[in-house]
Amino acid sequence: MSISKYPIIDDLEVPELMFNSWQETVNLMAEIFLIPTALIMRVHARDLEVFTASGNKENVFRRGVKSPLDMNHYCETVMTTRNELLIPNALKDPKWKENPEITLGMISYCGLLLTWPHGEIFGTICILDNKENAYCQQYFQILKRFQQSVLYGLETIYQKNYYAKEAHTANEKLNIMLQALEQSPHAIAITDMELNIIYTNQCFEELPMSFNNEASDKMLERLLKNQISNLTEEVIRRELLANNYWEGEIQNLDKNNCQHWEHIRISSILDRSGSPNNYLLIRENITEQKIHEDKLRQLALFDQLTGLPNRRLIIHRLNQLIEDAQKNGQKVAVIFLDFDNFKKNQRYHGTREW
């Protein structure tokens with residue numbers, strides 16, 4: 001990539017309709033000013049291009065012709081200084097003796113800078129004559145009006161491209177988000193403020209509780225329809241209204257009458273003003289976790305040989321009974337039974353070969 005001498009935007013194209021309008025502009029300029037040449041020039045990284053040229057036969061410049069930079073062009077002075085330039089007769093000023101336009105017979109020049117909305121240089125709009133010309137103030141004001149028209153066109157191009165890029169970027173982000181939602185290992189749904197389903201990902205639909213062929217779009221009805229827990233819609237809605245968040249576990253039955261546990265989280269999606277306008281729901285199947293917890297509880301609280309409560313659970317329950325009895329003014333009786341040689345028999349049966 002070439003390093004540009006000037007700050008430029010070289011990848012924005014001028015639409016055909018606008019280009020045709022600019023062509024009419026330079027034609028009109030040549031006619032109004034009675035001069036052989038009116039131009040719109042565009043600068044690139046290494047050269048200066050005749051972007052549009054008046055179509056009168058006296059004009060020696062042709063559209064699309066490029067000339068290297070650093071050749072002492074009139075337009076380069078405009079772009080370097082970012083100021084207007086008026087040269088009544090370059091032949092009377094020795095600093096222009098190497099100017100390439102003089103070799104084409106263009107000895108007078110009046111040019112103005114053209115920039116993109118944030119200051120990057122597009123080029124110049126200019127008029128040239130093959131004879132001495134001081135370009136009166138009236139001509140200069142007319143040229144400035146033509147400049148403003150072209151600047152407006154450049155701003156329009158820039159804004160359309162900017163918003164197109166923003167839309168493209170936003171669309172890319174949206175596609176990434178949707179892919180992430182679809183590929184998420186969690187079941188995800190988005191609802192409106194009435195908790196009606198707007199979107200669900202594939203994982204959401206594959207969870208056991210979604211077996212109903214007449215699945216409702218009402219999220220809470222869908223969540224609670226097959227539950228064997230004691231949750232109600234009112235409890236969930238009240239919590240969401242108060243805290244913009246609800247979290248809990250639901251036990252459901254699937255189509256095979258098997259129990260399934262789910263961990264549910266519902267949170268508000270806030271708009272830019274901080275007001276909720278949607279809900280995000282995440283479902284997680286925790287059935288295996290519950291089964292594992294039950295096994296751990298069984299190991300911790302029950303004797304593995306007899307299946308009876310072990311010492312830890314008996315003490316816990318006894319403490320509860322004593323506490324309840326004290327509150328109600330009652331008594332608790334404990335019966336202790338001892339089996340002779342129980343431990344010996346337990347060891348024997350544990351090692352006996354059948």
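The values are calculated or read from the model by the stated rules, or taken from the named source; none is laboratory data. Because the structure is predicted, anything quoted here is derived from the model rather than measured. Neighbour counts are summed over all protein chains in view; Cβ atoms, including those assigned to glycine, are modelled from backbone coordinates with ideal geometry. Keep in mind that these areas ignore ligands, DNA and RNA; they rest on the heavy atoms of the full protein, side chains included. Shrake-Rupley method; radii C 1.70, N 1.55, O 1.52, S 1.80 Å.
Laid out as a table, the results:
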item: Enumeration of residues in region 84-110 that are open to solvent by 80 Å² or more (accessible area, probe 1.4 Å) and assigned to a helix (DSSP H, G or I); result: LEU91, LYS92, PRO94, LYS95, THR103
item: Of all residues making up region 223-251, the number that are open to solvent by less than 90 Å² (accessible area, probe 1.4 Å) and either touching a residue at least 24 places away in the same chain (Cβ under 8 Å) or basic (Lys, Arg) (or both); result: 11
item: Residue list for region 218-277, filter: more than 17 Å from ILE188 (Cα to Cα), touching a helix residue (DSSP H, G or I) at 6+ places or on another chain (Cβ under 9 Å) and of a type in the set (A, V, I, L, M, F, W, C); result: LEU231, ILE236, LEU253, CYS258
item: So GLU31, is it closer than 20 Å to ASN130 by Cα and among the charged types (D, E, K, R); result: yes
item: Pairs where the first residue, in region 123-152, is more than 24 Å from LYS66 (Cα to Cα) and of a type outside the set (A, V, I, L, M, F, W, C) and the second is in a strand (DSSP E or B) and open to solvent by 50 Å² or more (accessible area, probe 1.4 Å), C-beta under 9 Å, 6+ apart; result: TYR135/LEU86
item: Selection from region 7-41 of residues that are assigned to a loop (DSSP other than H, G, I, E, B) and within 32 Å of the chain's Cα centre (by Cα); result: PRO7, ILE8, ILE9, ASP10, ASP11, LEU12, GLU13, VAL14, PRO15
item: ARG283 being assigned to a strand (DSSP E or B) and closer than 23 Å to LYS218 by Cα; result: yes
item: Residue list for region 138-193, filter: among the small types (Gly, Ala, Ser) and within 26 Å of GLY123 (Cβ to Cβ); result: SER149, GLY153, ALA164
item: Contacts under 7 angstrom Cβ, first residue in region 172-194 being part of a helix (DSSP H, G or I), partner surrounded by 13 or more Cβ atoms within 10 Å (Cβ to Cβ) and not aliphatic (A, V, I, L, M), 6 or more apart; result: LEU181/ASN201; GLU182/ASN201
item: Residues being open to solvent by 30 Å² or more (accessible area, probe 1.4 Å) and out of contact with any Phe, Trp or Tyr (no Cβ under 9 Å at 6 or more places or on another chain) - total across region 15-48; result: 13
item: Tally of residues being open to solvent by 20 Å² or more (accessible area, probe 1.4 Å) and in contact with a Gly (Cβ under 7 Å, 6 or more places away or on another chain) across region 111-140; result: 1
item: Any hit, region 272-279, residues being among the charged types (D, E, K, R) and in a helix (DSSP H, G or I); result: no
item: Top-ranked residue in region 181-211 [being open to solvent by 40 Å² or more (accessible area, probe 1.4 Å) and closer than 17 Å to ILE250 by Cα; ranked as modelled with the lowest pLDDT]; result: PHE211
item: Region 91-103 residues that are over 17 Å from LEU48 (Cα atoms), paired with ones that are at pLDDT below 90 (beta carbon under 9 Å, 6 or more apart); result: LEU91/LYS97
item: Single residue of region 141-180 satisfying the filter (among the β-branched types (Val, Ile, Thr) and over 16 Å from ILE9 (Cα atoms)) that is most open to solvent (accessible area, probe 1.4 Å); result: ILE176
item: Residue list for region 57-83, filter: in a loop (DSSP other than H, G, I, E, B), open to solvent by less than 70 Å² (accessible area, probe 1.4 Å) and without any contact (Cβ under 8 Å) to a residue 12 or more places away in the chain; result: none
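Residue by residue, here is whether (1) of a type in the set (Phe, Trp, Tyr); (2) in contact (Cβ under 8 Å) with a residue 12 or more places away in the chain; (3) open to solvent by 70 Å² or more (accessible area, probe 1.4 Å) holds:
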site: ASN277; (1), (2), (3): no, yes, no
site: GLN289; (1), (2), (3): no, yes, yes
site: LEU301; (1), (2), (3): no, yes, no
site: GLY307; (1), (2), (3): no, no, no
site: ARG311; (1), (2), (3): no, no, yes
